[in-house]
Amino acid sequence: ANEFTVLVAPNTFVGANLDGYTKRGVLIGPAFSYERDDGDEWTKSRFSGGYIHDNGETGFDLNGDPINKDRGFIEWRHNQHWDDAFTLNAVVSLWSDSEVMRDFRPGYFDNNQKPDNWAEASWDVGTFQFSAFTRFRPNDFQVIRQRIPELRMDLMPSSENN
């Protein structure tokens, strides 16, 4: 996996994925990362994508369906925290087929063979925590438990000093 990025602004890298395969073709796509840490406020965000018209033998996906020659992926991870009270986390893995990462990002695939896609926001107010969570299925090759957005309010335990 060849990812090239350059610093374009403080803490911001922009670039591309560019891989050449003798039997399959050229994989190309965008790459982006941003990381900032100001004590109580921090952000880590990373985006990577790739597309290839696969000239090799693509085979079949995990459901036994033939894999299309046009293949690609998008991977986005985002973690953000503001003022010791608000947190936003998201994981998005859009894959054209169940085997695209195995074929073009095997090191990543070894630890992530069944991508999970979700987003969560939480806000801490005193002893209360308000949160919203959702899990979604953008990949049609896998069966996962989808969840409608879940809204919660939790009262955190506290001890009183006497």
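Structural remarks
- Any hit, region 80-95, residues being open to solvent by 50 Å² or more (accessible area, probe 1.4 Å) and among the polar types (S, T, N, Q): no
- Taking each residue of region 103-114 that is on the phi < 0 side of the Ramachandran plot and looking for partners that are of a type in the set (Gly, Ala, Ser) and open to solvent by 30 Å² or more (accessible area, probe 1.4 Å) with beta-carbon atoms closer than 7 Å, six or more apart or interchain, yields 105/1.
- Search result, residues across region 41-61 that are touching a Leu at 6+ places or on another chain (Cβ under 8 Å) and modelled with pLDDT under 95: none
- Scanning region 109-124 for residues that are open to solvent by 80 Å² or more (accessible area, probe 1.4 Å) and outside any strand (DSSP E or B) returns 110, 111, 113, 114.
- Between 62, 88, the distinction of being assigned to a loop (DSSP other than H, G, I, E, B) and of a type in the set (A, V, I, L, M) belongs to 62 only.
- Filtered residues of region 1-51 (kept if buried (at least 16 other Cβ atoms within 10 Å of the Cβ) and among the aromatic types (Phe, Trp, Tyr)): 13, 32, 34, 47, 51
- Residue, modelled with the lowest pLDDT, within region 125-157, restricted to residues that are open to solvent by 90 Å² or more (accessible area, probe 1.4 Å) and not charged (D, E, K, R): 146
- Taking the listed residues 105, 46, the one that is of a type in the set (D, E, K, R) and in contact with a strand residue (DSSP E or B) (Cβ under 6 Å, 6 or more places away or on another chain) is 46, with no other qualifying.
Yes or no, residue by residue, for (1) outside any strand (DSSP E or B); (2) more than 29 Å from residue 121 (Cα to Cα); (3) among the β-branched types (Val, Ile, Thr):
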{"residue": "28", "(1), (2), (3)": "no, yes, yes"}
{"residue": "36", "(1), (2), (3)": "no, no, no"}
{"residue": "47", "(1), (2), (3)": "no, no, no"}
{"residue": "51", "(1), (2), (3)": "no, yes, no"}
{"residue": "74", "(1), (2), (3)": "no, no, yes"}
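- Residue that is modelled with the lowest pLDDT, among those in region 62-79 that are open to solvent by 70 Å² or more (accessible area, probe 1.4 Å) and hydrophobic (A, V, I, L, M, F, W, C): 62
- Comparison of 130, 104, 73, 109 shows that the only residue that is farther than 20 Å from residue 17 by Cβ and of a type in the set (Phe, Trp, Tyr) is 130.
The values are calculated or read from the model by the stated rules, or taken from the named source; none is laboratory data. Please read these numbers as outputs of a predicted model, since none were measured by experiment. All Cβ positions, even for glycine, are placed from backbone atoms using ideal geometry, and neighbour counts span all protein chains on display. The protein model used for the area step is the full one, side chains on, heavy atoms only, and it has no ligands, DNA or RNA in it. Shrake-Rupley method; radii C 1.70, N 1.55, O 1.52, S 1.80 Å.
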